[in-house]
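**Q** This is the structure, below, for whatever I ask next.
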Amino acid sequence: MSAIYFLIGCSVIIAVLFLAAFFWANKSGQHDDTYTPAIRILFDDETNPHASEDTSELRANK
Amino acid sequence: MEPQICIQEKQLCYHCGEGIDQLVYVADKHPFCCLGCQSVYQLLSKNNLGSYYSYNTFPGQQTEKASAELSYLDEESIVNQLIDFKDDHICMVTLYVPQIHCSSCIWLLENLYKIDGNIVSSRADFMKRQVRITFNYHKLSLKKLVELLDKTGYTPKITLQDLVKNNKKDEDNLLVRKIAVAGFCFGNAMMISFPEYFGMAAFEKNYAQLFGWINLSLALPAVLYCGRTYFLSSIKSLKQRRLNLDVPLALGIAVLFIRSAIEIIQGTGSGFADTLCGLLFFLLIGKWVQRKTYHHLSFERDYRSYFPIAVTRLCNGKEKVAALADLQVGDRILIRNNELVPADAILLKGHACIDFSFVTGESVSVEKVLGEVIYAGGKQTAEAIELEVSKPVAQSYLTSLWNQSTFSETTVFTTFSNTVSHYFTPILLSIAILGAGFWGVQGIYDNAWAAFTAVLIIGCPCALALSSPFTLSAVLSIFDKNGFYVKNTLSVEKMAAIDTLVFDKTGTITNPKADTLSFKGTLDEYTQQLVFSTCRNSNHPLSRAIIKSLHYQGTPLALTNYEEIAGKGIRANIGQQEISIGNARFVGLTTQHNAGTYINIDGEVKGFYPIRQHWRSTLQEVVSQLKKHYDLHLISGDTDRDRAALELVFPDPAYLHFGQQPADKLKYINDLQNDGRRVSMLGDGLNDAGALKQADLGIAISDDINNFSPACDAILGGDAFTRLPSFFKLAKQAMKVIYVSFGISLGYNLVGLYFAVLGNMSPLFAAVLMPLSTVTIVSFTSLAVQYCAIKNKMKR
């Protein structure tokens, strides 16, 4: 049953680690803006159609 | 033959979605409503930013005003105050951009680097309507950057108040951290306490000691870090010889901790660490719920938000930009068209035509002669003028109204929970002492101590402390969804106590957005064509309103000699004919005339568009509903030309006041309060600012909530004006919900007290009762408020 000392120790240490992680996240400003990142993720990566057209035109001119 | 189906679609501007009557502006086959929209489109498409239009249809907004004078951004001292950070190459600036409203906005603002390579990065914050831009300041000045934003239609608002950064964010973060710690302690203490609840076998008893010590070490940070504010607040309130709700809470927390510590150290029991941590956790959550923030709104704005940052000062005949704070009495300043006079000043040179609607509510602009004093807050609507400052900015007529420290708190508002706690604490203490005395007389001191502490623990008004925040914040979010933004929960309580409403006229019960014009006089079709062709060239809101009202479908005629004289009107030649459209003097009228926009063709005045104010469409209904429960007053800075119309609407003609100066309004409110009334002021402009601040509840009405509104307790969107009676009703009902939930929490307390006085309260009993009462209160208040909202048709 002395394993319980070890187990409780582990569980508390892990919980403290999570608490510390939360403090770090809070301090580094991750909770300042909780809305915009959700929109930002939806933007497509730019595959610029106009830019490729331009270069192909250039090639054609050459 | 089959009938041909013809769908006629009204064309909408590709940029802003405005309907187009006459297709004039086309680029890349897309129609535009005005030159402004078209040029934004062209700028974006040139820089491969066409995706802006693919995330949303009509993401843009029509630009109303001419670009502001930005030369003050060349002044290094001002720039240094605006920027957040600067090193050898780059600097960072955070700008407030009220136009941010959709995902396209975010996308565009974060892709600014594509337009100008000197922008390193930009990050938009949607909720705060801010964008933080990092840029190479050697190659791109702040002024150029702001001009670039202006060109894309996202003009940042830069005001004096930006120069003062606030630290409210840290306070919010501290509370969140406290909740995290309390939650951590609560969860772990609960886990450690479980064996005790389920009962331990004899051989497991060795561990009880260990569990107790772990619990105590978890309770320690909870009390010291999370519970600190309660101790500090109760000490402060005791010093003022008052009992606020934090006193019994702090007492409960302290007793819980002391009893737990004694039991654990002596090895006589398991303590109440889990109840203690849970209590703090729930209390802090209540606090967090109460602290509702509207990131994009500010209730604390003062005159500094309205005034420009800098002004052009004339030194030995040379123009030099100076920060407003540096402005001194005797300085000569230059005020251009559409600029605000920042301090009381004497007119030295030029034709002054000042629009004081900002200050007085009077809608007709005033002409001033040389040597006259022009009060701060007036807006020049004609050519540039020269003035000599006669009073410093902070002591000018209007601003001094704001700085007045004489805002007398006629009645200190006591919240319901403060009233309750005034009686609660003495009663609780006497029960505890009686209980202890009962056992003490019998000589059973262990029970006396147990009963005394148990009463204070059970009586700890946790559920009571939560009922107000949860009810009122539920009300806040319902208001929020209906276009009514209230500053905090205290203001909702104040709202429920209001018995008198005072309305301002211009912009409050009139709708500034209604821009339909009606022409006095006759216009034949040819004249219409002339007017249309002339107005088409102007971006002035009035010109646009005229075009809209003409419904002219023909082709425009070619103009020659077109000129637009700011603040006066426009003039052009079409063929042999000369057309001038503008104010009375501009078109050549010298005799007595009505205010409005006149049309003159070849020296003959055809008629005019009078300035008309449109009442809000539901004014009549709103007033008739409100007058049943409230005294209604009207106080306007305008002349009494609308008195007759308003007497039909408002119940008591004696309560209608016209021609009131800002200071009169303030005094009027104060007088009402001295009569023992609780007054709510509804106003919109700077001229109501003093009255809004003095009133028990100041409500600023704004048709564009992102616009600046004066310091107030609540901001009402213009569209939500109709629902004003429902808002007041809901506030009153919310108070009833609080009373009922107070009864429920008292019921829990009484049941608990019965066991507590007997001295046999088990830790398990406390650990169950406390969260149970909390959950009951939270769910009851939320459901009750939702029910009231549905009944008031504020929610479906």
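**Q** Using only atoms on other chains, find how many Cβ atoms lie within 10 Å of each Cβ of peptide A:15-21 and report the average.
**A** 2
**Q** Using only protein heavy atoms and a 1.4 angstrom probe, determine the accessible area buried between A and B, summed over both sides, in Å² to the nearest 100.
**A** The summed interface area works out to 2500 Å².
**Q** Could you pull out every residue, at least 5 positions away or on a different chain, whose amide H is within less than 5 Å of the one on B:Ser396? Hs are placed 1.01 Å off N in the peptide plane, and Pro or chain starts have none.
**A** B:Asp344
**Q** Looking at the stretch B:108-147, which trypsin sites (Lys or Arg not before Pro) are DSSP coil and have at most 13 other C-beta atoms within 10 Å of their C-beta?
**A** Loop-located and lightly packed - B:Lys139.
**Q** At a threshold of 8 angstrom on Cα-Cα distance, excluding pairs fewer than six apart, so keeping six or more, what relative contact order does the stretch B:644-699 reach in percent?
**A** With pairs under 8 Å counted, the relative contact order is 31 percent.
**Q** Using a 1.4 angstrom probe on the protein heavy atoms only, could you order B:Cys16, B:Cys226, B:Cys315 from most to least accessible area?
**A** The ordering from most to least exposed comes out as B:Cys315, B:Cys16, B:Cys226.
**Q** May I pose another question? Rounded to whole Hz and in sequence order, give me ³J(HN,Hα) for the stretch B:651-659 from the Karplus expression 6.51 cos²θ - 1.76 cosθ + 1.60, θ = phi - 60°, writing x for Gly and Pro.
**A** Once rounded to whole Hz, the list reads x, 10, x, 5, 8, 9, 10, 10, x.
**Q** Each residue of the stretch B:119-127 in order: what ³J(HN,Hα) in whole Hz does its phi give by Karplus 6.51 cos²θ - 1.76 cosθ + 1.60, θ = phi - 60°, with x for Gly and Pro?
**A** Values, residue by residue: 7, 6, 7, 9, 10, 9, 10, 5, 5 Hz.
**Q** Given the pairs B:Lys481/B:Lys736; B:Lys318/B:Lys568; B:Lys287/B:Lys665, which span a C-alpha to C-alpha distance of over 25 angstrom in this model?
**A** Listed pairs above 25 Å: B:Lys318/B:Lys568; B:Lys287/B:Lys665.
**Q** Name the residue farthest towards the positive end of the dipole of the stretch B:120-276 from the options B:Leu140, B:Ile265, B:Phe184, assuming +1 on Cβ of Lys and Arg, -1 on Cβ of Asp and Glu, about the Cα centre.
**A** Going by the charge dipole, the pick is B:Leu140.
**Q** For the stretch B:91-137, what does the alpha-carbon gyration tensor say about shape, rounded, prolate or oblate, given a ≥ b ≥ c as the root eigenvalues, a/c under 1.5 as rounded, and a/b over b/c as prolate?
**A** Oblate, since a/c reaches 1.5 and b/c is not below a/b.
**Q** Right, something else. From other protein chains only, count the Cβ atoms within 10 Å of every residue's Cβ in A:28-39, then give the mean.
**A** For this peptide, the per-residue mean of nearby foreign Cβ atoms is 4.
**Q** Another question about this same structure. Mind checking the per residue accessible area of the protein assembly as shown for me, 1.4 Å probe, whole number of Å²?
**A** Computed with neighbouring chains in place, this is 48 Å² per residue.
**Q** Below 8 Å, C-alpha to C-alpha, sequence gap of six or more: please give me the relative contact order for chain B in percent.
**A** Relative contact order for chain B comes out at 12 percent.
**Q** Oh, and also: Using 21 Å as the Cα-Cα cut-off, could you pick out the over-long pairs in B:Lys86/B:Lys151; B:Lys157/B:Lys379; B:Lys729/B:Lys795?
**A** Going by Cα-Cα distance, B:Lys86/B:Lys151 fall outside the 21 Å limit.
**Q** Roll a 1.4 Å probe over the protein heavy atoms and report the accessible area of B:Glu204 in Å², nearest 10.
**A** Spelled out: B:Glu204, probe radius 1.4 Å, area about 50 Å².
**Q** Let me ask you something else. Which value, in debye to the nearest 20, describes the size of the charge dipole of the stretch B:87-216 about its Cα centre when Lys and Arg Cβ atoms bear +1, Asp and Glu Cβ atoms bear -1, and nothing else is charged?
**A** So the dipole magnitude of the stretch B:87-216 works out to roughly 380 debye.
**Q** Find which of B:Trp213, B:Ala325, B:Ile346 sits farthest along the positive direction of the dipole of the protein assembly as shown, computed with +1 on the beta-carbon of Lys and Arg, -1 on that of Asp and Glu, about the Cα centre.
**A** Positive-end residue among those listed: B:Trp213.
**Q** May I pose another question? Let me check I've understood the local charge: for B:Ala734, count other residues with C-beta under 13 angstrom from its C-beta, Lys and Arg +1, Asp and Glu -1. What total comes out?
**A** Net of charged neighbours comes to +4.
**Q** A:Ala20: net charge of surrounding residues, Cβ under 13 Å, Lys/Arg +1, Asp/Glu -1, itself excluded?
**A** +2
**Q** Taking the Cα centre of the stretch B:563-684 as the origin, how large is its charge dipole in debye, to the nearest 20, when only Lys and Arg (+1) and Asp and Glu (-1) carry charge on their Cβ atoms?
**A** Dipole magnitude for the stretch B:563-684 comes out near 220 debye.
**Q** Top to bottom by accessible area (1.4 Å), largest first, where do B:His30, B:His15 land?
**A** If we order B:His30, B:His15 from most to least accessible, we get B:His30, B:His15.
**Q** From the square roots a ≥ b ≥ c of the eigenvalues of the alpha-carbon gyration tensor of chain B, which class results: rounded (a/c under 1.5), prolate (a/b over b/c), or oblate?
**A** The shape class here is prolate.
**Q** Once you list every other residue whose beta carbon is under 14 Å from the beta carbon of B:Tyr197, what net charge do they have if Lys and Arg are +1 and Asp and Glu are -1?
**A** Local net charge: -3.
**Q** If you roll a 1.4 angstrom probe over the protein chains with everything in place, what fraction of the accessible area of the protein assembly as shown belongs to carbon and sulfur, to the nearest %?
**A** The nonpolar share, carbon plus sulfur, comes to 56 percent.
**Q** Could you tell me what fraction of 2.2 N^0.38 Å the Cα radius of gyration of the stretch B:410-484 comes to, as a two-decimal ratio?
**A** For the stretch B:410-484, the normalised Cα radius of gyration comes out at 1.67.
**Q** I would also like to ask the following. Using +1 on the beta carbon of Lys and Arg, -1 on that of Asp and Glu, and nothing else charged, what's the dipole of chain B about the Cα centre, debye to 20?
**A** That gives chain B a dipole magnitude of about 1500 debye.
**Q** Still on this structure: Which residue, B:Thr618, B:His657, B:Ala644, has the largest displacement toward the positive end of the dipole of the stretch B:611-668 when charges sit on each Cβ (Lys, Arg +1; Asp, Glu -1)?
**A** B:Thr618
**Q** How large is ³J(HN,Hα), in whole Hz, for each residue of the stretch B:501-508 in order, when computed from phi with the Karplus curve 6.51 cos²θ - 1.76 cosθ + 1.60 and θ = phi - 60°, using x for Gly and Pro?
**A** Listing the rounded values in order: 10, 10, 9, 8, 8, 4, x, 9 Hz.
**Q** Shifting gears a bit: Under the definition of partner shielding as Cβ atoms of other protein chains within 10 Å of a residue Cβ, what is the mean value for peptide B:106-115?
**A** 2
**Q** For chain B, what are the DSSP H helices with axial Cα length of 20 Å or more and mean Kyte-Doolittle hydropathy of at least -1.0?
**A** Helices meeting the criterion: B:168-198, B:205-221, B:246-266, B:273-290, B:416-441, B:462-481, B:724-758, B:763-791.
**Q** Pull up all non-local amide H partners of B:Val321: gap of 5 or more, or a different chain, and H-to-H distance under 5 Å with H placed in the peptide plane.
**A** Sorted by chain and number, the residues that satisfy this are B:Arg313.
**Q** Same structure, new question: With a ≥ b ≥ c the root eigenvalues of the C-alpha gyration tensor of the stretch B:444-507, is it rounded (a/c under 1.5), prolate (a/b larger than b/c) or oblate?
**A** Taking the square roots of the gyration eigenvalues as a ≥ b ≥ c, the stretch B:444-507 is prolate.
**Q** Can you check how the C-alpha radius of gyration of the protein assembly as shown compares to 2.2 N^0.38 Å, as a plain ratio?
**A** Cα-based Rg divided by the globular estimate yields 1.16.
**Q** Another question about this same structure. For A:Tyr35, what accessible surface area do you get with a 1.4 Å probe? Give it in Å², rounded to 10.
**A** 100 Å²
**Q** Show the residues, 5+ positions off or on another chain, whose built amide H is closer than 5 Å to the amide H of B:Tyr25.
**A** Close amide H contacts, sequence-distant or interchain: B:Phe32.
**Q** Would you kindly find the accessible area of B:Lys568, with a 1.4 Å probe and non-protein molecules such as ligands, DNA and RNA excluded, rounding to the nearest 10 Å²?
**A** Rounded to the nearest 10, that gives 70 Å².
The values are calculated or read from the model by the stated rules, or taken from the named source; none is laboratory data. Being a predicted model, the structure only gives us computed values, none of them experimental. Because the Cβ atoms are built from the backbone with ideal geometry, glycine has one as well, and the counts that use them run over all protein chains shown. With ligands, DNA and RNA removed, areas are computed over all heavy atoms of the protein, side chains included. Shrake-Rupley method; radii C 1.70, N 1.55, O 1.52, S 1.80 Å.
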